[in-house]
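The values are calculated or read from the model by the stated rules, or taken from the named source; none is laboratory data. Predicted, not measured: the structure shown is a model, and the values here were computed from it. Positions of Cβ are generated from backbone atoms using ideal geometry, with glycine treated the same way; all protein chains shown enter the neighbour counts.
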Amino acid sequence: MVAPMPTLVRSDPRPRLLVDGQPFLILGLQWACESCFDVAQMNPLFAQAARLGANTAVTPLYWREIEPEPDRFDFTMLDERLAQCRQHGLRLALLWFATWKNAHHFYAPDYIQGDPGRYPLALGRDGRPPGRGSLCPSAQTTWERDRQALLAVMAHLRDVDPQRTVILFQVENEPGLMGTDRCYCPICEARYRAGNWEQTWGPRAAEAFSVASVSGYIDRLAAEAKAVYPLPMYQNVWLAAPGHLPGRDYPSGGAVQHMLPLALAHSPHLDLIGPDIYRHSLRAFHAICEGYRAGGNPLYIVEHSSSPTGRAERNVFYAIGGLGAIGFDPWAIDSPFPERNVPALVDPIGGEWGPQAAALRDSYVSIGRAVQPIVEAQGTERLFTFVQEPGEMGCCWHAQGVDVLISYIRHEGDGRGMAIQLGEGEFLLVGMGYQAAFQRPYPDGGAVRARSVVKGRYVGDAWQPHFPVEGHRAALLEPGVARVMLEG
């Protein structure tokens with residue numbers, strides 16, 4: 001049986017991802033950059049991802065692996081990814097490491113890297129390739145080879161994946177140019193001079209030209225790939241920090257926040273552009289998310305810190321509950337970042353969990369048990385998100401007809417969750433480490449008792465009750481979901 005194609009719908013009030021025709025939230029874990037070349041390193045992590053509550057494996061797909069020699073394609077490891085995801089009940093998102101991976105061409109085949117005359121590098125102001133080099137975005141020869149390999153991948157997925165295991169496809173990875181603000185080769189120079197870049201963009205002219213060039217390159221790939229197999233496709237972004245310069249501190253040509261409208265204008269065939277967030281500041285996280293969900297661009301946290309202090313277990317609630325994200329994806333399950341000398345979520349050799357792993361699992365398990373009602377409530381006043389920050393012991397939500405008082409149970413700061421109003425006097429509680437009380441609105445303030453509290457989970461839109469809570473106490477000490485019916 002052929003399942004429906006995954007689809008990204010730009011619906012009101014928030015975009016939503018449909019998988020098997022049903023709302024879906026990506027609770028992802030990404031494999032480290034080098035972790036998918038052999039089964040011994042790659043395969044054990046699929047079972048670990050499932051244990052961590054993830055529903056989506058996000059793995060690199062290397063051009064050099066797919067097409068080691070011109071016109072010779074090898075899908076062995078791609079098929080292994082598919083088989084492992086099916087075995088462990090996971091969906092798969094693929095990251096195409098091809099012309100650009102972190103602005104460089106490390107994962108292009110040797111025949112590309114070894115022939116700069118045919119597949120030219122971008123040139124700096126001095127007319128020479130800077131540093132390790134980035135491939136030129138105006139090189140039609142490179143684009144044609146990248147296109148051919150990508151179309152072969154799409155045709156293979158079309159033929160071998162009727163289950164729609166693959167739900168999302170990233171075209172390139174953190175694309176752009178390093179070592180220069182734009183390419184100064186004769187072709188790029190002529191295109192730059194023929195445009196109105198300096199008059200329109202002033203000191204940002206070189207970066208803007210690179211954004212248009214890189215985005216156009218990627219969008220043409222996406223258009224052709226979708227014509228073969230119409231998966232939702234996106235681009236990710238190495239973000240610019242304050243004071244950083246394009247081509248020196250981050251890839252020039254990437255869809256950084258101040259260039260996002262230009263990148264979107266040159267990417268009509270992409271479904272979204274998403275940020276890679278590695279800043280631990282809560283204020284920075286919110287500012288980045290707000291920037292990347294503006295203008296109807298679906299918010300997907302494409303990469304996020306996986307380190308013990310990275311706040312992934314908290315920020316996933318902010319992203320999905322408060323900001324309407326379609327998904328959340330820490331990098332990486334087997335490699336911590338941005339800190340390097342700290343435990344990974346899962347040790348790649350022994351399989352031991354780092355101290356942050358259980359907390360992320362608790363968040364993923366809770367959200368995963370209520371995907372459909374969460375998606376239905378995203379962007380509406382029916383959903384309230386709360387995360388215990390330092391110094392906080394509770395909060396209040398003025399829901400329709402009743403106030404909901406959230407009290408955090410522990411002082412360690414690990415309470416977090418969502419409350420969803422399902423109907424008059426009916427609520428869904430998601431998360432852990434808190435209890436909820438209900439009272440009539442001001443000026444009455446009288447207590448409203450819970451008639452029943454039942455823990456359970458949703459499978460699609462069907463509620464599956466597990467057991468009633470003794471005493472009808474609306475509390476979630478451990479990760480889970482509870483439906484509350486109020487008296488009166």
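Across the stretch 456-482, what is the number of residues that are of a type in the set (D, E, K, R) and assigned to a strand (DSSP E or B)?
Result for the stretch 456-482: 1.
Quick one: is ARG382 more than 20 Å from TRP463 (Cβ to Cβ) and in contact with a strand residue (DSSP E or B) (Cβ under 8 Å, 6 or more places away or on another chain)?
No, not satisfied.
For every residue, the table says whether it meets (1) out of contact with any Phe, Trp or Tyr (no Cβ under 6 Å at 6 or more places or on another chain); (2) at pLDDT 95 or above; (3) β-branched (Val, Ile, Thr).
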residue: PRO441; (1), (2), (3): yes, yes, no
residue: VAL453; (1), (2), (3): yes, yes, yes
residue: PHE467; (1), (2), (3): yes, no, no
residue: GLY471; (1), (2), (3): yes, no, no
residue: GLY480; (1), (2), (3): yes, yes, no
residue: MET485; (1), (2), (3): yes, yes, no
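Restricting to the stretch 115-129, name every residue that is buried (at least 19 other Cβ atoms within 10 Å of the Cβ), assigned to a loop (DSSP other than H, G, I, E, B) and either in contact with a Leu (Cβ under 7 Å, 6 or more places away or on another chain) or not small (Gly, Ala, Ser) (or both).
TYR119, PRO120, ALA122, LEU123, PRO129
Could you please let me know if ALA212 is in a helix (DSSP H, G or I), under 30 Å from PRO298 (Cα atoms) and touching a helix residue (DSSP H, G or I) at 6+ places or on another chain (Cβ under 8 Å)?
Here the answer is yes, as ALA212 does meet what is asked.
Do you know which residues across the stretch 34-70 are touching a residue at least 40 places away in the same chain (Cβ under 8 Å), part of a loop (DSSP other than H, G, I, E, B) and over 27 Å from ILE367 (Cβ atoms)?
PHE37, GLU67, PRO68, PRO70
Looking only at residues in the stretch 10-58 that are modelled with pLDDT under 95 and of a type in the set (Lys, Arg), which one is nearest to GLY368 (Cα to Cα)?
ARG14
I'm trying to understand the selection: among the residues of the stretch 320-367, which are part of a loop (DSSP other than H, G, I, E, B) and among the β-branched types (Val, Ile, Thr)?
Across the stretch 320-367, the qualifying residues are ILE326, ILE333, VAL342, ILE349.
If you check PHE317 against the conditions, is it in contact (Cβ under 8 Å) with a residue 40 or more places away in the chain, in contact with a helix residue (DSSP H, G or I) (Cβ under 8 Å, 6 or more places away or on another chain), outside any helix (DSSP H, G or I) and under 30 Å from ALA462 (Cα atoms)?
The answer is no for PHE317.
May I ask you to list the residues in the stretch 236-252 that are in contact with an Asp or Glu (Cβ under 7 Å, 6 or more places away or on another chain), closer than 19 Å to GLY133 by Cα and part of a loop (DSSP other than H, G, I, E, B)?
Selection gives GLY247, PRO251.
Could you identify the single residue in PRO348, PRO355, PRO390, PRO338 that is in contact with a Ser or Thr (Cβ under 9 Å, 6 or more places away or on another chain) and closer than 21 Å to ASN315 by Cβ?
Just a single option satisfies the conditions, and that option is PRO338.
Among the residues of the stretch 462-488, count how many are surrounded by 13 or more Cβ atoms within 10 Å (Cβ to Cβ), farther than 26 Å from GLN388 by Cα and of a type in the set (A, V, I, L, M, F, W, C).
Residues flagged as surrounded by 13 or more Cβ atoms within 10 Å (Cβ to Cβ), farther than 26 Å from GLN388 by Cα and of a type in the set (A, V, I, L, M, F, W, C) within the stretch 462-488 amount to 1.
For residues in the stretch 144-182 being charged (D, E, K, R) and outside any helix (DSSP H, G or I), which is surrounded by the fewest Cβ atoms within 10 Å (Cβ to Cβ)?
Step by step, filter the stretch 144-182, then rank; the result is ARG164.
Could you pull out the residue among ALA222, ALA208 that is farther than 20 Å from HIS269 by Cβ, aliphatic (A, V, I, L, M) and surrounded by 17 or more Cβ atoms within 10 Å (Cβ to Cβ)?
Checking each option against the conditions leaves just ALA208.
Would it be correct to say that LEU94 is aliphatic (A, V, I, L, M) and part of a loop (DSSP other than H, G, I, E, B)?
No.
List, please: which pairs have Cβ atoms under 6 Å, are six or more places apart or on different chains, and start with a residue in the stretch 11-32 that is in contact (Cβ under 8 Å) with a residue 40 or more places away in the chain and more than 18 Å from ALA344 (Cα to Cα) and end with one that is crowded, with 20+ Cβ neighbours inside 10 Å and of a type in the set (S, T, N, Q)?
Note: pairs meeting the criteria are ARG14/GLN378; ILE26/THR56.
Of all residues in the stretch 278-314 being among the aromatic types (Phe, Trp, Tyr) and not in a loop (DSSP other than H, G, I, E, B), which is surrounded by the most Cβ atoms within 10 Å (Cβ to Cβ)?
TYR300
In the stretch 1-33, what residues are touching a helix residue (DSSP H, G or I) at 6+ places or on another chain (Cβ under 6 Å), part of a strand (DSSP E or B) and not charged (D, E, K, R)?
Passing the criteria: PRO23, LEU27, LEU29.
Inside the stretch 225-253, can you point out the residues that are surrounded by 23 or more Cβ atoms within 10 Å (Cβ to Cβ) and under 15 Å from GLY179 (Cα atoms)?
Passing the criteria: PRO246, GLY247, PRO251, SER252, GLY253.
ILE112 passes all but one of (1) farther than 10 Å from GLY179 by Cα; (2) assigned to a loop (DSSP other than H, G, I, E, B); which number fails?
Failed condition: (2).
If only one of PRO261, PRO268, PRO230, PRO275 is touching a Cys at 6+ places or on another chain (Cβ under 8 Å) and either in a loop (DSSP other than H, G, I, E, B) or modelled with pLDDT of 95 or more (or both), which one is it?
PRO275
Among the residues of the stretch 428-455, write down those that are part of a strand (DSSP E or B), of a type outside the set (A, V, I, L, M), crowded, with 17+ Cβ neighbours inside 10 Å and free of Cβ contacts under 8 Å to residues at least 60 places away in the same chain.
Result: TYR434, GLN435, PHE438, LYS455.
Is it the case, given these coordinates, that LEU95 is surrounded by 20 or more Cβ atoms within 10 Å (Cβ to Cβ), under 28 Å from the mean Cα position of the chain (by Cα), within 30 Å of GLN41 (Cα to Cα) and aliphatic (A, V, I, L, M)?
For LEU95, the condition - surrounded by 20 or more Cβ atoms within 10 Å (Cβ to Cβ), under 28 Å from the mean Cα position of the chain (by Cα), within 30 Å of GLN41 (Cα to Cα) and aliphatic (A, V, I, L, M) - is met.
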